[in-house]
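Student: First the structure, which I've put down as structure tokens, then a few questions once you've had a look.
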Amino acid sequence: MFLGPPGSGKGTQGRRWAEERQWRYVATGDLLREAVRRGTPLGQQAHAYMLRGELVPDEVMVGLMEELLTTAESDIVLDGYPRTLAQAQKLDELTERLGWQLHAVIYLQADEAELVERLSARRVCPSCQAVYNLRSAPPREDERCDLCGTTLAQRDDDRPEVIMRRLTVYQKETQPIVGYYAQKGLLKTVHASGTPEEVCQRLQQVME
């Protein structure tokens, strides 16, 4: 499991960790955005909260996670869940009931100013969902997807005013989870400043 504030690199590091081990990478944010795009009942419930930079209600996320753990066929790298203490406690119940075990929780620490800068520079391809960063991982052609050529877009929740609300919500609702997993002896802290490669090296050292 990867924890950390928005923009700390959970997706970048989580995807890499999963690919190297042929595990399944699961970003609940991507799953929710896909539900919004398709207009599913779950997506309709989540959309208003996401636009305001607020957390999606626990009952929606718990249902999504139970469906995932019931159908998954490989080890999982989990990014974006749990986001509240109640969700963490419910996840404990789900993993025990369904026969899963949480091996480690990676907490990525980063400064607020750097997080705002990172997120403001993030762009996403509306067609294939490829993710870029105009500062650290830009596309080859100005704001066009390297894979399909579609013009990149900025997510509504990556605008500076929404980012600040997201960070406030994180500190209030999600930060207590760090202490929860530290008490369980599962927490591994990695400083998330610098390039993705530098963060990856720190992560490897911590996990060794």
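We did not get these values from a lab; they are worked out from the coordinates using the rules stated. Owing to the predicted nature of the structure, the values given are computational and were not obtained by experimental measurement. Cβ atoms come from the backbone with ideal geometry, glycine included; neighbour counts cover every protein chain shown.
Student: About its Cα centre, how strong a charge dipole does the chain have in debye, to the nearest 20, once Lys and Arg get +1 and Asp and Glu get -1 at the Cβ?
Tutor: Taking the Cα centre of the chain as origin, the dipole is about 180 debye.
Student: So for segment 98-182, taking the charge dipole from beta-carbon charges (+1 Lys/Arg, -1 Asp/Glu), which of Tyr170, Leu115, Gln101 sits furthest toward the positive end?
Tutor: Gln101
Student: Take the Cα atoms of segment 80-129, build their convex hull, and give its volume per residue in Å³.
Tutor: 138 Å³
Student: Could you work out which residue, out of Leu115, Leu78, Leu102, moves most in a Gaussian network model of the chain, that is, has the largest mean-square fluctuation with Cα springs under 10 Å?
Tutor: Largest GNM mean-square fluctuation: Leu102.
Student: May I pose another question? Per residue, how big is the convex hull of segment 53-208 when only Cα atoms are used? Give it in Å³.
Tutor: Residue-normalised Cα hull volume stands at 145 Å³.
Student: Let me ask you something else. Give the share of C-alpha pairs in each 5 angstrom bin for segment 1-59, from 0 to the last occupied bin, in whole percents, shortest bins first.
Tutor: Taking all Cα pairs of segment 1-59, the binned fractions are 4, 17, 23, 20, 18, 14, 5, 0 percent.
Student: Considering the dipole of segment 133-208 built from charges on the beta carbon (Lys and Arg +1, Asp and Glu -1) around the Cα centre, which of Leu134, Val199, Leu147 is farthest to its positive end?
Tutor: Working it through, the farthest residue towards the positive pole turns out to be Val199.
Student: I want to check the label-to-label distance for Tyr180 and Ala130. Put each point 7 Å from Cα in the C-beta direction and report it in nm to one decimal.
Tutor: 3.7 nm
Student: With +1 on the Cβ of every Lys and Arg and -1 on the Cβ of every Asp and Glu, and nothing else charged, how large is the dipole of segment 1-84 about its Cα centre, in debye rounded to the nearest 20?
Tutor: 340 debye
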